[in-house]
1. Looking at the structure I just gave you, is Val510 crowded, with 19+ Cβ neighbours inside 10 Å and farther than 22 Å from Tyr407 by Cα?
2. Scan the stretch 790-808 for residues that are among the small types (Gly, Ala, Ser) and more than 38 Å from the chain's Cα centre (by Cα) and jot them down.
3. Is it the case that the stretch 475-493 has a residue that's touching a Ser or Thr at 6+ places or on another chain (Cβ under 7 Å) and either part of a helix (DSSP H, G or I) or of a type outside the set (A, V, I, L, M, F, W, C) (or both)?
4. Here are some conditions: (1) out of contact with any strand residue (DSSP E or B) (no Cβ under 7 Å at 6 or more places or on another chain); (2) more than 27 Å from Ser809 (Cα to Cα); (3) of a type outside the set (Lys, Arg). Asp1047 meets all but one. Which one does it not meet?
5. Considering every residue within the stretch 588-610, establish whether at least one is hydroxyl-bearing (Ser, Thr, Tyr), crowded, with 21+ Cβ neighbours inside 10 Å and on the phi < 0 side of the Ramachandran plot.
6. For the stretch 1010-1048: of the residues being touching a Gly at 6+ places or on another chain (Cβ under 7 Å) and hydroxyl-bearing (Ser, Thr, Tyr), which is farthest from Ser1071 (Cα to Cα)?
7. Applying the selection to the stretch 268-302, what residues are over 19 Å from Ile172 (Cβ atoms) and within 42 Å of the chain's Cα centre (by Cα)?
8. What pairs come out if I take residues in the stretch 602-616 that are farther than 15 Å from Cys567 by Cα and pair them with residues that are surrounded by fewer than 22 Cβ atoms within 10 Å (Cβ to Cβ) and among the basic types (Lys, Arg) whose C-beta lies under 8 Å away, six or more apart or interchain?
Amino acid sequence: MRILHKSKRAPAPLPQVMDLISKLADTPNDDLHEVLSEIDSWKWPRSDLNAWIKVLNKFDAILEEVIRDYDIDNLQVNVLTPLTKKTVCEILRFERLLLENSTNRKTFSSYDRLNSLMFTSDLDVLILALNLLLRPAQQYSAQPAVSHALSISTPRLTSLAKRWPNLRDYDINLVDLVGDKGNVQIEALPNEARDVNFAFYRQPPAAAASSKEKERMRSEKFELLARIRAAQALTSSHFADREKLVIVRLLSSAIFGHTHTESQAQSTLFMYEPDLITHVAELLQLDRGVDVQVQTAAIAVLDALGRYRNKMQDVLTAVNAGVNHGILMALLRKTIAEVAQPTSTLPQAFVEALLSFMTFVATHATGGNMVVGAGLVPVLIQVIENRLPNRLYVVSKTMQLVDNVLYGFNNAFQLFCNGRGIEILVDRIEYEVDLDLQECASEPPVPDVLVSYGKLSVARAAVLKHTLRSIHRMMQSSGTSEGLRGLLDSSLLKSVKKIMQNRNVFGPNVLAMAINIMATFVHNEPTCLPVLQEAGLPEAFYSIVETGLEPVIEVIQSVPNAIGALCLNQAGQDQLSARPSIVPSLFSVFTSERHQRVLQEKENAVIIGTSMEELIRHHPSLKDSVFAAIKATMGQIEELGSSFVIPDDLKHWYKLIPPTPTPSSLPAAGETVADVVMEPSEREVSDQDSGAESNSDIPRDSSAARSHDNSIISFIDVFGKFLEGFFQHIPHCKEFVADADALDRLGKLTSLPCLPYDFVNSVASDSLVQVIRSMAEASTGETLTFLLKLVNESLAECKDFWESMDEHSKLLPMVDVTEGEPEAEANSRFRKLITLHIRTSLLSDIYATAGYSHGRATIMLLQSLVSRSTPTILADLGALHRSCVWENIVLKAGLSSQGVGAPPGPTDLDSLEMLEDSSPTPMVPQQDSESPSAGATNGVQADSTAPTPARKEPVKEDHPRERNARALKHLASQIPTSLAPFFQAVVRLFQSRRSTDSTQKQKIRETAGILADILVKHLEQKAFEDKLSLFAYYTVMLGLSTILLVDERSTQKTLHTILLLAFTRIGGLNSIFGRCRDFISTIDMVTQIDAEERSEITKQELVHAYGGLKVALHLLHPMVSVKPLFESGQTALAMTTDNKDTDPEYFEPHNFLVKVRLAALPLLRDLWEAPWLVSAPLSVSKSVVLIVMEVLKVEGEEAKESTASSSMATAGIPAPV
């Protein structure tokens, strides 16, 4: 089928690959076979299969058309035309070649076409289709449900794979069907051997048959076709078809082995032919005259069946793996000798299949010992000596086998050395290097775009890469030093130097291995460094770094390792000192756009940071230059960010845009709108836009590529990951934190004008958070001082915004900015708010993670908040939170009245139903109310307002006003979202597993007092007229009070006693009761009006009042309960044993519980006697009953004689009727 999904992160193919893709895509279908027939081998670099989707879909369409036109899915009766056959065959052959030389092969999706082609009557097409299907089957081998993933029809595959009828009775095996000596036996067979016997049940007419019956009919039809073909092939006139049918059977068996379990193979194949493996192995005997195509298929069968645990030993026995002149070793020797001949025509597929099978055998412990003992190593050395240009792939494949063999078996490396393997390998490297330089010297210049990938052909580059990798691995492995003793005096050093001096010829992959080999020489034997210096290798290496590094992670990662090796003596250090640009050149990759993709992949940037950390740990003399380069890089990012020009189509992510007057422009604020056409909801439009407004529930990297991010954000992300790896060594992190200039440069990165307003939701922000976390773990006090200083600076810049709360929105006028000075002033405020958001988010993240630590770190975290340098920081953050919550509510109300982003409000009935069904657990709203899960807080529209008569219809979201509104709403809603976890983390610091000393107790009480004051100010009565907005604000603040005063993380709620105690001492309970009475007053007033006569606003007021009351009751319940107080870990810490009960500082839990209940009783009585309680939403009335029952239990008051009735009488509460 067609490939519909394309990976967003697929790298762009190289130009030469792109040319081939374009050529195939543009070639007419009738001429396609001619173009494909010219591609007999792969001559291009490996590419991602996603780049080939257009071509693959074109091939898929051609195959679909052929299958439909010739009715192949039922039974092909008509013979393919010559042109059609050529086209199909070339497509299948090319797709096999493409799969072998591509990455991301799971993108391939034409398996249904291959399954259909199993039903073809053309054997050539069938063989090519099976050969193509074999490649993914090998890739998916032994994975569950692989046959389903490849759309393989097991009945069809079984019909092709099982033994032909009647042959067992006449002792005819596979080798007899295709060998030179089998023709006589086949021709001597009686006619009965060619008879076709087939039993079947009569089927209903096709029109009346079910789909399952039709499928069974097709399977039986296919089985009959297979038997007829097999019987026909036993005649002398069909010898060629006989060989093809054997290949078909072998390929089918190989695919079956890779895609089905051992139990399925036992019941399907081995039950009817127990000696199948032996019969297949006989095809590999040299004296049977079996065609090489058949032997290729036979090797694939052995490779597949050997994957079964209980069949591996049978395979090794059948091929005589441990015998020097056995089937396997004899075939390998013959093959190696033949490919060494210039006139050899041995197919590449056969040699590759044989070497792959040998590699598989070598990975098996028993099989590896057997083939090594049978003389495998000397044969592999012969392959390394093969210098024929058309056999380069054999050398590459062999070097992979050499790597597998030499280190897995005891005597393999010694055998390799005894056979002069090291000398031959070094000579081959020298030959390849010299030949490549000679060939490229006579070639015309290559375009610059290709230079970074080298000028070598794919085959030449692969040979050099594999030989260098093998020698490097030998140098790194233990136990090889004796065999490599003469390596320093060989030509390897000269070859490495030539590669470094001609990097544009050999490409980055070869260059990286050459650098690593040079470094490994020194690491293995430091005394050989003078030899390398005399040979001029350091100069060649430093020239590479100075001229710039390729965007390949292997090259970048090899540089710190090489620098560390070359500085192991004084001469090396002097050489590096004479080139002060080396370290800055290495760090320049972090501000280079062409390096960003590779640095963002996986953990590449972290790995480089770890390498640099290790470098200066071993070479302290480099520390100053590395730290200077780190600061210079941050300065460079700051400079680039300050001068970055934002594209016009993305400016709304970075600044407020003045409206552009057009004939169809939107009306300004305050104008009326008539007959405005309804547009899609804001959420729908924003999802279709370049980037939807981010929510806290959405993972920060949920979008593969945020379209509004820029290169500077990428620089911050990559460099942050580098610092994360660099700071893994604590002393280096401490030294960085102690450097005021470094901290200043890091802080400036948070205020760059090129950061979008949703930067906090980006991956780059996560990188910054991780850097600050590492710094906080190493130097808690200094890091927090630095971070709080940044936050304090931003708070001072935005003081006019948060210092006071006005009834009307302060941000609403900024929605309609005008060009000139007002625009500049508005954007200045806007950027300051963005910086404040980024910095408060960083602070919140650090405290949220550091809050889980205990002991000395806890004292430091608390002390930082009440230090002399920032004595009001906590109170100021409380004021910011308070202002932002209110601003979020009134801004949306103001925008709604102007028709900007106003979602339809719920009816009172809907809202009451939400109250009935919602959970009583309060939550602080953490999202914009227009996100899917942010519509209700505690079942109430807490941060939205009711519809008003002046509301207008929503307007188009791509207008500047709408975009400005979206940006301002984001900041107003997300700043409280980041501060709420911060306050929670501070409260968690009051809890310590260790014994708390007097200093820590003092800090805890001091901090609790500030937090309590913040909560009381949050709940203060505001003299505003907009009751809906005010109730929404009170509801949110009561929810915040709940999560700070009550710990609901476990199934059993507990109180944060220390904060609650400070809260009650400064009148916090009266604030809660006051807000409850505000809700009750409104409910009393509205419920006296008949439901039919209530206005829309009145209905909304009732809903808001019920919702706020429910949240308040949810807070009161644990405060008057016994277990939350007595089971709290902070209760014992708060107790004062030395004070009298008349002392204001006195605290005793029983005494405290009585005081809280006593203070709550007047409110509870009013609620209990309220006439509307019976008709109130169930969640409200249920909460009232639960609280009253808790009080009436009189548990924890130490007044055992009190009874429920006496308590009620004392309180003056009449019993409910």
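1. yes
2. Within the stretch 790-808, Ala796, Ser804 meet the criteria.
3. Residues of the stretch 475-493 touching a Ser or Thr at 6+ places or on another chain (Cβ under 7 Å): 475-476.
Retained after the next criterion (residues that are either part of a helix (DSSP H, G or I) or of a type outside the set (A, V, I, L, M, F, W, C) (or both)): 475-476.
Scanning the stretch 475-493, I find at least one residue that is touching a Ser or Thr at 6+ places or on another chain (Cβ under 7 Å) and either part of a helix (DSSP H, G or I) or of a type outside the set (A, V, I, L, M, F, W, C) (or both), so the answer is yes.
4. Asp1047 satisfies all of (1) out of contact with any strand residue (DSSP E or B) (no Cβ under 7 Å at 6 or more places or on another chain); (2) more than 27 Å from Ser809 (Cα to Cα); (3) of a type outside the set (Lys, Arg) except (1).
5. Yes: one or more hits.
6. Ranking the candidates gives Thr1035 first.
7. Thr268, Thr296, Ile299, Ala300, Leu302
8. none
The values are calculated or read from the model by the stated rules, or taken from the named source; none is laboratory data. These numbers were taken from a predicted model, which means no experiment stands behind them. Methodologically, a virtual Cβ is constructed for each residue, glycine included, from the backbone with ideal geometry; neighbour enumeration extends over all protein chains shown.
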